[in-house]
Amino acid sequence: MDFNVKKLASGAGVFFTRAVQFTEEKLGQAEKTELDAHFENLMSRADCTKNWTEKIYRQTEVLLQPNPSARIEEFLYEKLDRKAPSRITNAELLGQYMQDAAVEFGAGGPYGCTLIKVGECERRLGAAEREFLQTSAISFLTPLRNFLEGDWRTISKERRLLENLRLDLDACKTRLKKAKVAEAKAAMAPDFQETRPRNYVLSASASAFRFNYLYHIDSCHKWCVCSRPPPPNTRDRRALGCLKLPLKAEHELRVAQTEFDRQAEVTRLLLEGISSTHVNHLRCLNEFVEAQAAYYKQCHLHMQDLQKELGRLPNAFTLNSAHSMVTTASAPEEATSPVETDTLKIEEVQAPATGTRKAKVLYDYDAADSSELSLLADELITVYTMPGMDSDWLIGERGNQKGKVPVTYLELLS
């Protein structure tokens, strides 16, 4: 291990200088370089994007996988760079249990036959759910995670570097200001060491003797004392030191300003890229909505098919036949109603004076028999209900055509 003491000491000094500058700024004892308003808006927008993207990502994870243990398991497999084992969905598991129960109860009975039909539907629903989860994870969750773990980390790193360079720049400004103040004080301070002692007087002969003696030494040792400039006194040394300090501080300030400007431009370009991130997330959001709509539509179609299949099965409620006969005998008038009979006579149904509503058709629907009305998506029809009618159905009218329509295919407008 290469342990460089000088580098360590230098790094510690820079860290201490930044800490002092940061503390003085917080206490209001030092000036702070402020960024322009556009740059501040970019940083605020980036922070807002990061916070809401993280919340949306977490909640989408909860929506797609409510089980926290399963989410932790998937996270560990992802960090270990291993493929997570395929997990059966709850609907598929329920369908499997229903089919196993039908085998135990007997598939030939009404209950066993119904269990088989419902179990098959649940397994189809589970398969559709698994496909929806995979599509959503690829088209929506992955781009959000890539932004949080990739682009945002790069932006955060460059912003931290920019903040450190700003502290260095402000520290250089402070040093330059202190150096100029010290230079001004040194120029105004008197030099008390220039005053010579009173008895420090040389006669002309003594001075001449001293000159001749030094010249003799110069002849012997090949150097001349007279040619060398006299050493500066204390006042000169102080003035020279005060002159060097501002020059050094100005050079450090220019270097720090250059580095800060370069880093500010790099950070600005990264922050402006948030707009491209919004465009990318918008496209991913549209794909997520389309996947969700397709999933729910597929589930609705599966349930519609299940209802039709169950309607074709033999009546399983034989235990309630006596109760049904009593009810029919006690209310003969209601039993003969055109709505409650097995075969609905649409031509005998009359629209009520009040209670009709307009409805918009959401999906195409093909009538199963003559008592139902075929529908086309986005068309408007008039709907109403009749006493004793199933709550899942309404009577729909379109011009001279009339028939039963499923409520789930409609959007009631008024």
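Tabulated data
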{"read-out": "Residue order for 58, 268, 87 - accessible surface, 1.4 angstrom probe, largest first", "value": "58, 87, 268"}
{"read-out": "Extension gain from residue 257 to residue 308, taking 0.36 nm per residue of separation minus the Cα-Cα distance", "value": "10.7 nm"}
{"read-out": "Mean accessible surface per residue for the range 356-413, computed with a 1.4 Å probe while every protein chain stays in place, in Å²", "value": "55"}
{"read-out": "Shape box of the range 356-413 [Cα atoms, principal axes, largest first, Å]", "value": "29, 25, 22"}
{"read-out": "Sequence ranges 358-364, 377-383, ranked by mean other-Cβ count within 10 angstrom, highest first", "value": "358-364, 377-383"}
{"read-out": "Derived scalar couplings ³J(HN,Hα) [the range 378-393; Karplus, 6.51 cos²θ - 1.76 cosθ + 1.60; whole Hz; x for Gly, Pro]", "value": "6, 8, 9, 9, 9, 10, 7, 10, 10, x, x, 7, 4, 5, 7, 10"}
{"read-out": "Whole-Hz ³J(HN,Hα) from phi, Karplus 6.51 cos²θ - 1.76 cosθ + 1.60, for the range 121-134, glycine and proline x", "value": "5, 5, 5, 5, 5, x, 5, 5, 5, 4, 5, 5, 5, 5"}
{"read-out": "Amide hydrogen neighbours beyond the local backbone of residue 404, cut-off 5 Å, H modeled", "value": "372, 373, 396"}
{"read-out": "Full-stretch length increase - residue 392, residue 84 - with 0.36 nm per residue and alpha-carbon distance subtracted", "value": "106.7 nm"}
{"read-out": "Using a Förster distance of 35 Å, the FRET efficiency for residue 412-residue 55 (Cβ separation, nearest 0.05)", "value": "0.55"}
{"read-out": "Under the Karplus curve 6.51 cos²θ - 1.76 cosθ + 1.60, θ = phi - 60°, whole-Hz ³J(HN,Hα) for the range 293-300, x wherever Gly or Pro sits", "value": "5, 5, 5, 5, 5, 5, 4, 5"}
{"read-out": "Full-extension gain in nm, residue 69 to residue 130, via 0.36 nm per residue minus C-alpha separation", "value": "20.2 nm"}
{"read-out": "Cβ-Cβ FRET estimate between residue 149 and residue 29, R0 fixed at 30 Å, reported to 0.05", "value": "0.15"}
{"read-out": "For the range 356-413: relative contact order, % (alpha-carbon pairs under 8 angstrom, 6 or more apart)", "value": "40"}
{"read-out": "Carbon and sulfur %, accessible surface of the range 356-413 computed with the full protein complex present, 1.4 Å", "value": "47"}
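The values are calculated or read from the model by the stated rules, or taken from the named source; none is laboratory data. Predicted model only: the values in this text are computed from it and were never measured. So basically every Cβ, Gly included, is an ideal-geometry build from the backbone, and we count neighbours across all protein chains shown. When the accessible area is computed, the model is the full protein with side chains, heavy atoms only, and any ligands, DNA or RNA have been set aside. Shrake-Rupley method; radii C 1.70, N 1.55, O 1.52, S 1.80 Å.
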